[in-house]
Protein chains: 2
Amino acid sequence: MILCNFADMKRRKFILDSALLTAGAAVSAHLPVMGAVRHVSSPGIRLEWENFTARMKYTFTISGSSRTSTPIVLTRITWNGETGYGEASMPPYLGESHESVDLFLKKVREDVLPRFDDPFRLDAILRETDDIAEGNNAAKASVDIALHDLVGKLLGQPWWRIWGYSPENTPCTCYTIGYDESDDIVRQKTAEASGSRFLKVKLGQGDARDRRMIRLIREVCPRTPLFIDANQGWKDRVYASEMAGWLAEQGAVLIEQPMARDDIEGNGYVTSRSPIPVVADESCRRLKDIRNIYGAFDAINIKLMKCTGLREGHEMVTLAHSLGMDTMIGCMTETSVAISAAAQLSPKMRWADLDGNILISNDPFSGMKLVDGRITLGMLPGIGVSDRLYGSVQDNCAQ
Amino acid sequence: MILCNFADMKRRKFILDSALLTAGAAVSAHLPVMGAVRHVSSPGIRLEWENFTARMKYTFTISGSSRTSTPIVLTRITWNGETGYGEASMPPYLGESHESVDLFLKKVREDVLPRFDDPFRLDAILRETDDIAEGNNAAKASVDIALHDLVGKLLGQPWWRIWGYSPENTPCTCYTIGYDESDDIVRQKTAEASGSRFLKVKLGQGDARDRRMIRLIREVCPRTPLFIDANQGWKDRVYASEMAGWLAEQGAVLIEQPMARDDIEGNGYVTSRSPIPVVADESCRRLKDIRNIYGAFDAINIKLMKCTGLREGHEMVTLAHSLGMDTMIGCMTETSVAISAAAQLSPKMRWADLDGNILISNDPFSGMKLVDGRITLGMLPGIGVSDRLYGSVQDNCAQ
């Protein structure tokens, strides 16, 4: 496959620049006390980014929309010769876009970063980034992830280790079967995912279609436990409660977001009657939402693109567990940058839905690996990614 | 002053051993990839400890007890040539002692640490330490603090920096005026503390005595804001509420623990009527207590010896702030080891009571410094202490 179109060339340059900067700094970086941060020179904290379009292997349909690609912005933050990578993923129904992220990151670059000379100041930098404007959560996450990658590299450790987690406690991820009109496509997707430990099924298309999806999947994979994602698709709480019972009989082990985001009482009704845990997704985007939904859900789904990144995500784990709630780590359609960042939190998660990078065909990075469906965490520092394209694009260009 | 008695000699050896081990490892530690942890050899995680008695500058009286010294256990954890220091402080009324800590640490050494070869596994090591037995919170903290000091040193950074805090946000500490029968001693203590930004007053000795303390202090320091610590000393909620009003008029800015620990409703009654914030101390020892007292207090006082150390203390900050509660960092009578560890959390605190090391005359370490009453955080890695005795005992021995 020839990948050398214009976008790939730009991306290659982006990653090459980072690699050269990092390599160039490696020698001088060894001079000061080992393990200490190297104040070789202080060029300030530099933020750069470029647009990227993730191409999806299948048309992706959830309650209300379909698409074949997802707009993404790849960020990098450079300081004293070390570079951290970040990412914003913008599924269109969430309201962010290449343009909105570009606008937001310009404000971070011009209004926030010049007032800091130390990327370790995560608390203040990310609070000021958050204060620029409401929303823009994916744009905020792209700054948070790049800073964490950078600081983790400066500390010489992956974040799971800095946080003191046990990597053997990572969960197995599910593999998502998106809704499709065609029975054959559903069967084909299910067959392709049949090695997975958990299948995630997107429902909320209406009773007949929802039940047909489950039966088609059960034809191909009779016993794999199911994560059900209703995506707010059920409008009646009594119906939703009955579906929860029926789905449990079909081998579902959890249900995400049965009712509308703001219908906390309706979701609570379903939770109190469901034989399996009910997980808040759209109802719980950020830390402050947990108080509102406490009691109405058994668990929360933490996604970096919702919660503005690893710092707030890490706090959400603490808060949820303190309140006796379970946690799940989720994702949008994302490259290995955001997926690997999210994986750093996974040892504290009961469930994981981190298949975003598997569902795209042009991931420019490599990072978190699945072994027999289980998330594995390596010793690569920061968020644990390497820039695979740096090699593979060169190889492809030679053809 | 000649310090070379038997206890000091033992302590000197304890610290010398650590210094030599650390120095010996420094050369080989540079060989592997910079910033990475050095698996030069794996001798396991070694825990050692010794008894220490902190001598107090003044007889210390709070509601219910008086004393002139505090039993302490100093711990050190060594791994691959790096050493972290920790401490357990055992004010007698809390039920721990040299003997109970010794017994507990033996279990940590024999039952927990042999199953780990990596001190970064804070989550698992500290959970298993916690599971050994109920209580023993100071003993648990001595393990937590030493592990944090060790891991911070391995990362080459102080914990305030690893946590991403802004050191310019540290609060000013108060200086504690203990209760005394003698008016002259109270005046003398107050005069000595007159440069402090905040004075902390221990009340709960009865109405007449409590009001006399405040008036004596106000004779010497008419305007310094007061932290009031009732130490559960008030038995009647209506009286406590009236005192809160009177104390606010005298320039008090907060009241700790007006009513008995388990009288959540009584404390809530006072909080709802107090013109100044009411802070939970004895009512909130650990993370799990925050849920119980939520709504009954405005804030919590986090002390490492109550909450088992920095890991849980850090989580308590997240939980309290998520619930809209303020936080204060407190201490027992402690050396610079536990005080400096607590100071790492201080940038997230509204108030601080970290004068434990100032109130003792034989602190064997140096660490957190106060500048014009404000906590200052340096770049020493880990918990930020140096073993001052290593030099000073040698000097004293030469006399």
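Within the stretch B:91-127, can you find the residues that are outside any helix (DSSP H, G or I) and out of contact with any strand residue (DSSP E or B) (no Cβ under 9 Å at 6 or more places or on another chain)? B:Gly95, B:Phe116, B:Phe120, B:Arg121, listed by residue number.
I'd like the full set of residues that are among the small types (Gly, Ala, Ser) and either touching a Cys at 6+ places or on another chain (Cβ under 7 Å) or not in a loop (DSSP other than H, G, I, E, B) (or both), limited to the stretch A:229-281. Once the filter is applied, which keeps residues that are among the small types (Gly, Ala, Ser) and either touching a Cys at 6+ places or on another chain (Cβ under 7 Å) or not in a loop (DSSP other than H, G, I, E, B) (or both), the stretch A:229-281 yields A:Ala240, A:Ser241, A:Ala244, A:Gly245, A:Ala248, A:Ala252, A:Gly266, A:Gly268, A:Ser272, A:Ala280. Filtering A:Asp130, A:Asp144 for residues that are in contact with a Lys or Arg (Cβ under 8 Å, 6 or more places away or on another chain), part of a helix (DSSP H, G or I) and within 12 Å of another protein chain (Cβ to nearest Cβ) leaves a single hit, A:Asp144. For the stretch B:324-338, give me the residue count where each residue is farther than 19 Å from B:Glu256 by Cα and in contact with a helix residue (DSSP H, G or I) (Cβ under 9 Å, 6 or more places away or on another chain). Final tally of qualifying residues: 3. Looking at the stretch A:346-358, is at least one residue within 23 Å of A:Phe60 (Cα to Cα), in contact with an Asp or Glu (Cβ under 8 Å, 6 or more places away or on another chain) and of a type in the set (Val, Ile, Thr)? So far as the stretch A:346-358 goes, no, none of its residues is within 23 Å of A:Phe60 (Cα to Cα), in contact with an Asp or Glu (Cβ under 8 Å, 6 or more places away or on another chain) and of a type in the set (Val, Ile, Thr). Taken over the stretch A:177-227, residues that are under 19 Å from the mean Cα position of the chain (by Cα) and under 21 Å from A:Ala240 (Cα atoms) amount to 7.
For residues that are modelled with pLDDT of 95 or more and at negative phi, scanning just the stretch B:379-399, find the one that is surrounded by the most Cβ atoms within 10 Å (Cβ to Cβ).
This residue is B:Ile383.
Take the conditions (1) within 27 Å of A:Met349 (Cβ to Cβ); (2) touching a helix residue (DSSP H, G or I) at 6+ places or on another chain (Cβ under 7 Å); (3) modelled with pLDDT under 95; (4) of a type in the set (A, V, I, L, M, F, W, C); A:Leu199 misses just one of them, which is (3). Here is the figure for the stretch A:285-315: residues that are more than 11 Å from every other protein chain (Cβ to nearest Cβ) and without any contact (Cβ under 8 Å) to a residue 12 or more places away in the chain total 0. Can you say whether B:Pro171 is under 16 Å from B:Trp351 (Cα atoms) and surrounded by fewer than 21 Cβ atoms within 10 Å (Cβ to Cβ), as far as the supplied structure shows? In short, no. All of A:Val108, A:Val151 fail the test of being touching a helix residue (DSSP H, G or I) at 6+ places or on another chain (Cβ under 6 Å) and touching a residue at least 40 places away in the same chain (Cβ under 8 Å), apart from A:Val108.
Just so you know, in the stretch B:91-124 the residues that are under 21 Å from B:Arg285 (Cβ atoms) and within 14 Å of chain A (Cβ to nearest Cβ) include one that is surrounded by the fewest Cβ atoms within 10 Å (Cβ to Cβ), and it is B:Asp123. Applying the set (1) under 20 Å from A:Ala88 (Cα atoms); (2) within 8 Å of chain B (Cβ to nearest Cβ) to A:Ile162 leaves exactly one unmet item: (1).
Which of the following residues is modelled with pLDDT of 95 or more, closer than 22 Å to A:Pro167 by Cβ and of a type in the set (D, E, K, R): B:Asp149, B:Asp102, B:Asp118? Being modelled with pLDDT of 95 or more, closer than 22 Å to A:Pro167 by Cβ and of a type in the set (D, E, K, R) holds for just one of B:Asp149, B:Asp102, B:Asp118, which is B:Asp118. Within the stretch A:345-376, the residues that satisfy the criterion of being more than 18 Å from A:Leu226 (Cα to Cα) and in contact with a Gly (Cβ under 7 Å, 6 or more places away or on another chain) are A:Leu345, A:Gly367, A:Met368.
Scan the stretch B:316-335 for residues that are in contact with a Phe, Trp or Tyr (Cβ under 9 Å, 6 or more places away or on another chain), away from chain A (no Cβ under 14 Å) and part of a loop (DSSP other than H, G, I, E, B) and jot them down. Hits for the stretch B:316-335 are B:Thr333, B:Thr335.
For the stretch A:80-93, a tally of residues being within 13 Å of A:Met305 (Cβ to Cβ) and in contact with a helix residue (DSSP H, G or I) (Cβ under 7 Å, 6 or more places away or on another chain) returns 5. Being crowded, with 24+ Cβ neighbours inside 10 Å, away from every other protein chain (no Cβ under 11 Å) and free of Cβ contacts under 8 Å to residues at least 60 places away in the same chain is the requirement here; does B:Ile177 meet it? Criteria met by B:Ile177. Scanning the stretch A:55-90 for residues that are closer than 23 Å to A:Asp281 by Cα, of a type in the set (Gly, Ala, Ser) and either at pLDDT 95 or above or part of a strand (DSSP E or B) (or both) yields A:Ser65, A:Ser66, A:Ser69, A:Gly86, A:Ala88, A:Ser89.
Restricting attention to the stretch A:202-228, the residues that are assigned to a strand (DSSP E or B) and at pLDDT 95 or above total 3. Counting only residues that are buried (at least 24 other Cβ atoms within 10 Å of the Cβ) and more than 14 Å from the chain's Cα centre (by Cα), how many does the stretch A:328-363 have? The total comes to 0. If you go through the stretch B:336-371 and pick out every residue that is outside any loop (DSSP other than H, G, I, E, B) and within 14 Å of chain A (Cβ to nearest Cβ), you end up with 3. Among the residues making up the stretch A:31-54, those that are surrounded by 13 or more Cβ atoms within 10 Å (Cβ to Cβ) and at pLDDT below 50 are A:Pro32, A:Met34, A:Gly35, A:Ala36, A:Val37, A:Arg38, A:Val40.
The values are calculated or read from the model by the stated rules, or taken from the named source; none is laboratory data. Remember, it's a predicted structure, so these values are computed and weren't measured experimentally. So basically every Cβ, Gly included, is an ideal-geometry build from the backbone, and we count neighbours across all protein chains shown.
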